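Note sheet for the following structure.
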Amino acid sequence: MIDEIIDAFGWDRKHAIKALNGKVTHGTKAQKRGSKPTHGEAERAIIVHIWKHSEQPCGVRLKETLPLWLNSYERRHGDIGVAMRARLLGYSARTLERITQPHRSTTETRWKGRKTGRASNRIKKFVPIRCGPQEFDEPGWIEADTVSHGGGSSSGAFLWSLTLTDFHSGWTELAALWGNSGGEVRVGLERIEKRMPFPMLGFDCDNGSEFLNEILEAYLLKRKRSIEWTRSRAYKKNDQAHVEQKNFTHVRQLLGYGRFGDLDLKPMVDELYEKAWLPMRNYFTPVMKLVSKERIGGKVRKKYDKPASPCDRLLACEKVSETSKKQLQENRNELDPLELAEEVERRLGEIFQIVERIEEERWEERERAGEIREGVGDFSAGADYVAAAVAPAPCAFTASPPAEKLVKTQPKHHKTTKRLVS
């Protein structure tokens, strides 16, 4: 019987038992149990007014905020009286929490508190995780990632690269960003979408805050043609193997690992991407796609298809419109791969001249400030030090030299076990 009452009325079990025993009253005479509130509408209005204007603190902080803000409130709204002031300052932090509780809800969710925390925590609840091998028979399904050009340091402002890679064709787009905020990522996406030869159907990203934010949420989901938004698993880079590969072949092998800390470099890198590097890679650089992978004992045998450029794969796709194919063919006929290669090297030289000049200026400032002394800050002192100056501009078509070992490895000491025999 108790179970049937719980199902019919939606009560808790203890409440149903009390109702059957006649210990709970229902109707107009029912009263809320517990002590009665000691505050009225006047006190509530003052507390809520100060709470809203003081950045909506919690009850503990609001209790310490009231004595600091009451004088200003009286100057604007008149004297509140000694008795009213005593009551306001006498409320506990928990009472202040209950007074401000109805005003904290900004959405229709069940949680009534003030909206706090990262927006990515909320976005993760409705952006599904995509993992495992994916097969698409049309272009438009994109993997996205960002590459830092901070030179190993995340302090200060510096350049980032936004990388987008298409699953089906391997078509890759790049954009330079000044920082990795959500606004910068949206500007980079808008710039890329204007020149992509196909519409974006799906967007797969990692769990970084540069992607999981309200700015990207509005850009991807609040459009006429919705985009399927997915994300990878945390700390599983193989879920985004396609774009991770392009991060190395299209960004790191081109620009290296140095620091790009000058805002003047952003338009130069964008022009390098758009006018020389990407046309050469997308129109004239064949790539292979993995067809099958089979494990035989301790070895993995992989089979690849015939190498073809991303442009050729788009031209061979049946779901690409004839208008788009014609435009792709016209664009490729207007380009010369050798001229593009020379243009890449020329623009790379200009970029790294600025990078080297900036590093020289920073080194001179440190010398003038006295930060570089003999044995301290002098990287040439000592046999264990290796010069960490900016490397020369990497060539886009040669393999990078092996990295030098910057830290001398310590010899391994084998621990000997001593046994005490009585």
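The values are calculated or read from the model by the stated rules, or taken from the named source; none is laboratory data. Because the structure is a prediction, the values reported are computed rather than measured. Here the Cβ is made from the backbone with ideal geometry for all residues, glycine too, and neighbour counts use every protein chain on show.
What's the total number of residues in segment 195-244 that are closer than 30 Å to Lys326 by Cβ and either of a type in the set (A, V, I, L, M, F, W, C) or without any contact (Cβ under 8 Å) to a residue 12 or more places away in the chain (or both)?
Counting residues in segment 195-244 that are closer than 30 Å to Lys326 by Cβ and either of a type in the set (A, V, I, L, M, F, W, C) or without any contact (Cβ under 8 Å) to a residue 12 or more places away in the chain (or both) gives 11.
Would you tally the residues in segment 16-45 being under 30 Å from Ile2 (Cβ atoms), among the charged types (D, E, K, R) and modelled with pLDDT of 85 or more? Talk me through it step by step, then tell me what you get.
So in segment 16-45, the residues under 30 Å from Ile2 (Cβ atoms) come out as 16-34.
Cutting the leftovers down to among the charged types (D, E, K, R) gives us 18, 23, 29, 32-33.
Now narrow it down to the ones that are modelled with pLDDT of 85 or more: 18.
Going through segment 16-45 one residue at a time, the tally reaches 1.
Can you pull out every residue in segment 167-187 that is among the aromatic types (Phe, Trp, Tyr) and under 16 Å from the mean Cα position of the chain (by Cα)? If you could, list the steps in order and put the result at the bottom.
At the first step, the residues of segment 167-187 found to be among the aromatic types (Phe, Trp, Tyr) are 167, 171, 178.
Matches in segment 167-187: Trp178 only.
Taking Gly297 and the conditions (1) more than 29 Å from Leu314 (Cα to Cα); (2) in contact with a Phe, Trp or Tyr (Cβ under 9 Å, 6 or more places away or on another chain), which numbered condition does it fall short on, given that it satisfies the others?
The single condition Gly297 does not satisfy is (2).
Conditions first: (1) under 24 Å from Glu135 (Cα atoms); (2) touching a Pro at 6+ places or on another chain (Cβ under 9 Å). Val291 passes all but one, so which condition is the exception?
Only one criterion is unmet by Val291, namely (2).
Being in a loop (DSSP other than H, G, I, E, B), on the phi < 0 side of the Ramachandran plot and buried (at least 18 other Cβ atoms within 10 Å of the Cβ) narrows it down to one of Leu212, Leu164, so name that one.
Numbers: Leu164 fails: in a loop (DSSP other than H, G, I, E, B).
Every option except Leu212 fails the conditions.
With the structure loaded, tell me whether Leu338 is over 17 Å from Glu138 (Cα atoms) and either touching a residue at least 40 places away in the same chain (Cβ under 8 Å) or crowded, with 17+ Cβ neighbours inside 10 Å (or both) or whether it fails that test. Step through it out loud before you land on a result.
Numbers: over 17 Å from Glu138 (Cα atoms): yes; either touching a residue at least 40 places away in the same chain (Cβ under 8 Å) or crowded, with 17+ Cβ neighbours inside 10 Å (or both): no.
No: the conditions fail for Leu338.
Counting only residues that are of a type in the set (A, V, I, L, M) and either touching a Ser or Thr at 6+ places or on another chain (Cβ under 6 Å) or not in a strand (DSSP E or B) (or both), which one in segment 118-145 is surrounded by the most Cβ atoms within 10 Å (Cβ to Cβ)? Reasoning before the result, please.
Let us first name the residues in segment 118-145 that are of a type in the set (A, V, I, L, M), namely 119, 123, 127, 129, 142, 144.
Subset that is either touching a Ser or Thr at 6+ places or on another chain (Cβ under 6 Å) or not in a strand (DSSP E or B) (or both): 119, 123, 127.
Numbers: Ala119: 16, Ile123: 20, Val127: 22.
The qualifying residue surrounded by the most Cβ atoms within 10 Å (Cβ to Cβ) is Val127.
When the residues of segment 310-360 are filtered to those that are assigned by TED's automatic domain parsing to the domain that holds Trp171 and of a type in the set (Lys, Arg), which remaining residue is nearest to Thr172 (Cα to Cα)?
Here the residue is Arg313.
Has segment 284-302 got at least one residue that is within 30 Å of Val187 (Cα to Cα), touching a residue at least 24 places away in the same chain (Cβ under 8 Å), charged (D, E, K, R) and touching a helix residue (DSSP H, G or I) at 6+ places or on another chain (Cβ under 9 Å)?
Residues of segment 284-302 that are within 30 Å of Val187 (Cα to Cα), as a first pass: 284-287.
If we keep only those that are touching a residue at least 24 places away in the same chain (Cβ under 8 Å) as well, we get 284-287.
With charged (D, E, K, R) added as a condition, the list becomes none.
Among the residues of segment 284-302, not one is within 30 Å of Val187 (Cα to Cα), touching a residue at least 24 places away in the same chain (Cβ under 8 Å), charged (D, E, K, R) and touching a helix residue (DSSP H, G or I) at 6+ places or on another chain (Cβ under 9 Å), which makes the answer no.
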